[in-house]
Structure formats: C-alpha cells, structure tokens
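The values are calculated or read from the model by the stated rules, or taken from the named source; none is laboratory data. Just so it is clear, the structure is predicted and the values come from calculations on it, not from any experiment. All Cβ positions, glycine included, derive from the backbone under ideal geometry; neighbour counts span all protein chains shown. Surface areas here come from the heavy atoms of the whole protein model, side chains and all, with no ligands, DNA or RNA. Shrake-Rupley method; radii C 1.70, N 1.55, O 1.52, S 1.80 Å.
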Amino acid sequence: STLHIITMSKPVVKVPPTPRYTSIFCEFMAHYHQKPSPYPKDHVFEEDDLLAITPNDIVKWMNAKAFGTTVPDENTQLVGSSWSSLGFMKKSISFFMPRTAPWDPVEQRGNPTKSHEVKSLLLRVKSIEDNRKKAPEMLAQKQCMEEIVTAINSADGASGLLQKIQGRNDDFLKVLETMGTSVASLATTVEQMKTSLESSNDAIAKELSKEDSASTNAGEQAKMATFISELPDVMGLASKMQEEISKVAESLQGFTRNPISLSPEMTITPSVSGYCAFTEDGKSYDIPAGFVFPQCDLYGAWRHWLIGFPDHKIRNNKDEIIDAPIKPLRLVTLGDVHQAAKKKFKDGWRPILIFMQTVIEQDLDSVPVASIDDAFIKMTYDQAMSALHSKAPNMTSGKNEQKHLTWKVATWSRKIREEQLGPTQGAQHRPVIPLPPAPVVHVVPQAPAPPRAPVPPPAQFAPPLPENNMQIPSIPEMLPENMHV
C-alpha cells in the first residue's frame, strides 16, 4: 500500500512505507482532523497539513492511546498502549514528516516526534510500567516489615521472634546435613562421568588412528564390536547422576517452597501410621488445600509415590512451622485429595505412576514403608522403566532417546495417556453390568393354517433398515399366527 503526499513544489510523490506505518499514520491523522474513522491507506494529504502538526497534537493522540484520555492527570492509570507500542507509533508518524530535524520550540518547526513533549510522555509510561513490575516485590517487603513490627509488639516481644528465627535456622541446618550426603554423592558421580568420557574418547581416538579400523574383515569386525561393548557405560552414569540430582532437589524443597499456612477452618490430626489427616469443613483429606505438587522428574515422583512427603511442613495458627508428613501417594485416593490439588494429582501424576506400579514384580501393598530405602526405590524404578521400554519403545528411543531424560512427571503422564497405557478414569471401580438375557420365543400349537414361507429363527431375524419416515412393525405383527411371545 502507498500513501500519497501532495507537495507545493512537486507533483504527487509516492512514499513506500510499510503497511503498519501507513495504518498508524492514517489513524493519527483521523484523530488530528477529528474524524470518527481512520483515513484509507491511499488517502492524499497536503504538505501544508503535515507541516502544521505540533508535538502537542501527537502527545494528545498518544495520551488517548495509553491513558484513554487526551489530557491525563498525574493519578490517571495506564490502561492502553505500552511504552514499546508508543515508541513504534512515534516511529511511524516520524516516517511521514516532511522535516527530519529535531523540533525547535522557538521557531515551531522541525519533526514534532523529535520533541521534548513526546520524549517526556514515553518516559512517563516507561516509569509506570517499571513501577508495576516492582509493585509485588515492594508489597512483599512492606508486608514483611509489618509482620516483624507486629511480632515485636506481641507478648513474646523481640526475643520471641529471634527464638523462632533461631529454631527455623536449626531446621534448615538439619536439612543441609541430610542434603550434604546427596551433594557429595552427586559430585562423585560427576567426576566419574567426566573420567569415563575422557577415557572413552582417548580409546576411540587410538582405535580410529589404526589403519585397519575400517576393515570389513569378519575378525576385525568382531574385535570392533568387542571394543565398543567395553566402552564405559556413560548412559548408566547419566541415569545415576539424574537420581542424585533428584535427591538434592527434594532436599531443597524446604528452602524453595514456603510451607502452606493452616487456615482457621483446618485442623491436623496425626494418625497411627505417623502421617497427618487434614480436616476442613467436616471432611478429612490426605492432601490438604494449598498443597502444591512439585515440578519433579519421574524418579522423584516415583519416590513420593512410594514414601510420600515425610518432610512436609505446615505453618500453624501460631505462625510456627510444624511437621505434617503426607502418606505415600500410592495409598491416596482421589476422594482424599482436596479439590484444589485434585486435577494435578489425577492428570499429572497418577497415569504414569499407576502404570509403573502395575508392571513391577513387587507387591507394594505388602511392603512396609519403613523398609523402603534408596536401593528399593532404584530397583523398582529400573524394573518399571524396563517394562515401559518394552511396552512403548518409542517413548524412550528414536527422537525421544535424549528428550525423555528431561521430561517432568506431568509430561510422562501425558505421554502414557497418548500411548493408551494409563488407567482409564474410574476403570478400577467400574462394576461389570451383565447383558440382559435374550427374549425366549415359545411356540404354541394351533389349528393348521395355510402354508406360508418359512420364517427364520428369531435369533437370526434381521429386518432391513427403515427408510426415511418408514414405520417399523412391532414384533407380534411380524410373527406367524401360531407363534406368540
């Protein structure tokens, strides 16, 4: 599309702007001339008309686009175009201005988009956007300070607050001590993998330097196969490293996830098994309101499936963080999950984990939770992954050979549903409804009747499909006179 501009000294000049530039400029000119709708893209403007545009005209239009009014005050909220959008509008209008020099406020000439007024408007919008981004952080800081002041003014005073902080730090130190073992194990695995990769590459380089490495001789091929099979098991080490990372990530949950707060309507009841039941509105839940399932990999999810969340904590009504362990997820039914967390558990976790439980050799219901250690988790995980590879090889090979190593549990659940290997909703509890028995036809002897064409047995009777608006006769009308149902 082109925009025609009539100059005073030249005939019509065709300017080749981008379509977006043209539409924005035509919209601005319609506002400038107080027209209700934009000019068409091929409209002709006089140069004198363009030279009469001032910075104030552009600022009024941009104000309307950003604030919804041409003259906003200092309290007017930003409701429309962003800083980047306004910058593009400025650039579009500038493209069509006859003069390119910056605006001279004394001479009232130049390019009105290159003026102090337009620049100040863009800076104001940018400042508002920056403050919006900082608002949540500033609000959190303000709330934190208010909570600290409230705690200091409470009955416990500053010493009580400091004691709470000290207790929280002690809890974190215990977590760090537990996590230290996982971190050390991860570091060892990383060093083993680096050494294995370096030795593997050295051995491959030596083999490639041999002149007969590309020989097609059967004996040489057998030697090459043996050499390749004896290379370090890099994939095994990668799997081991992934497990160690999962353990570290699980230990860090106490730092990265704030404990959920106990609402006034919720009570906690420890059970004989050591896990907690969360009661709210007269109903007991194993997974409470506010609980957020972590974004973990499949190994971490399998761990929670077997042992639950033994380190889960909750903030009570006294602002104290207390232990509130959650039972193994394999023992949790959908009815025992609060509505707020049910969809995530049902769709994002259960499909793949139920599949894994059904394919392993062990009967998990007979295994005490206390006897489940890291070795048991690793053994059952490997069994399940081996079965998964057999039943759905395309999930762990081909284009997914490397991708599946980074999948989260929700991705695994979606993939297993796509393979139609996951549980169907309600399949485990759906009753089997027997089919109704077929009707029995009794033949009652009657007086002899004129011969008729033989009638097929009722079980094989299949009348033709009816045409449109055709009435289907009832069964008694279609039977011989001497046959009654």
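Among the candidates ASP323, ASP373, ASP336, the residue that is open to solvent by 40 Å² or more (accessible area, probe 1.4 Å), charged (D, E, K, R), out of contact with any strand residue (DSSP E or B) (no Cβ under 7 Å at 6 or more places or on another chain) and over 14 Å from TRP412 (Cβ atoms) is uniquely ASP373.
Exactly one residue out of ALA387, ALA410, ALA370 is part of a helix (DSSP H, G or I) and touching a residue at least 40 places away in the same chain (Cβ under 8 Å), and it is ALA410.
Of the residues making up segment 290-314, just one is of a type in the set (Gly, Ala, Ser), part of a loop (DSSP other than H, G, I, E, B) and under 22 Å from the mean Cα position of the chain (by Cα), namely GLY290.
Only residues that are within 19 Å of THR279 (Cα to Cα), in a helix (DSSP H, G or I) and either over 20 Å from the mean Cα position of the chain (by Cα) or of a type outside the set (S, T, N, Q) (or both): list them for segment 333-344, please. Passing the criteria: LEU334, GLY335, ASP336, ALA340, ALA341, LYS342. If you check VAL118, VAL106 for being buried (at least 17 other Cβ atoms within 10 Å of the Cβ) and either assigned to a helix (DSSP H, G or I) or out of contact with any helix residue (DSSP H, G or I) (no Cβ under 9 Å at 6 or more places or on another chain) (or both), only one passes: VAL118. Residues of segment 339-370 that are open to solvent by less than 30 Å² (accessible area, probe 1.4 Å), closer than 20 Å to ILE287 by Cβ and of a type outside the set (A, V, I, L, M): PHE345, GLY348, TRP349, PRO351.
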